1. Could you grab the relative contact order for the chain? Cα pairs under 8 Å, six or more apart, rounded to a whole percent.
2. Select from Q111, A34, A153 the residue farthest towards the positive end of the dipole of the chain; place +1 on Cβ of Lys and Arg, -1 on Cβ of Asp and Glu, and compute about the Cα centre.
3. Quick one: Debye curve from the alpha-carbon atoms of the range 34-154 only, equal weights, vacuum; give me log10 I(q)/I(0) at q = 0.13, 0.16 Å⁻¹ to two decimals.
4. Taking the Cα centre of the chain as origin, sum charge times position over the Cβ atoms of Lys and Arg (+1) and Asp and Glu (-1), and report the length of that vector in debye to the nearest 20.
5. Hey, what number do you get for the chain at 222 nm if only DSSP H runs of n ≥ 4 count, each worth -39500 (n - 2.57), divided across all residues, to the nearest 500?
6. What's the exposure ranking of L96, L14, going from fewest to most Cβ atoms within 10 Å?
7. Mind checking which helices in the chain clear 27 Å along their axis (Cα) and have mean Kyte-Doolittle hydropathy of -1.0 or more, DSSP H runs only?
Amino acid sequence: MKSVVTTVVTSADLAGRFPSNSDFEAVKGSFDRASARFQAAEKLAAGIDKVTEDAVNAIYSNGSYEPSSKDKCFRDINHYLRLINYCLITGGTGPLDEWGIAGMREVIRAQRLPTLAYIEAFTHIRDRVCVPRDMDEQSATEFKSLLDYLINALS
């Protein structure tokens, strides 16, 4: 699985060099943010079904999407939030890249689900994170950056 450590080592190997000081600084920065990521992961895990339900209800309440796809959307949003939770723990985007983003558009198209609904759901989740109610500032930043990463991948 891709993490900041494996990314740094792989990048240096591909360039035929040892990791540099800046590579080590990137790893150190990831370790320094670990407690914030773990707090975000813990908070997300504790409320993942509620967060999913809130987002799905928000995007389906305006009548823009077929009600018949709501259950699939709930399933998928919940799945992607679990992948984000794994990313928070690993400190990299590997779980999202490997299990969520690769082939995601094809799956969504094959199931005739509107990609925009997913973008709106993740945007809703990102915009609803409240500091300090939900988590502290750094934890929220870590969580929101992964949501932004997923939103950009879907766009």
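Each value in this text was obtained by applying a stated rule to the coordinates, not by laboratory testing. Not measured: the values here are computed from a predicted model. Every residue, glycine among them, receives a Cβ derived from its backbone with ideal geometry; neighbour counts consider all protein chains shown.
1. Working: 138 pairs, mean separation 48.8, N = 155.
Over the chain, the number comes to 31 percent.
2. Of the candidates, Q111 comes out farthest on the positive side.
3. With no solvent term, the Cα-only Debye profile gives -0.47, -0.71.
4. Details: 18 positive and 21 negative charges, 46 e Å.
The calculated dipole for the chain is roughly 220 debye.
5. Helices in the chain give a 222 nm mean residue ellipticity of -23500 deg cm²/dmol.
6. On the way: L96 21, L14 8.
Ranking L96, L14 by Cβ neighbours within 10 Å, fewest first, gives L14, L96.
7. Details: long enough: 34-60 (35 Å, 0.07); 70-90 (30 Å, -0.22).
Result, helices passing both filters: 34-60, 70-90.
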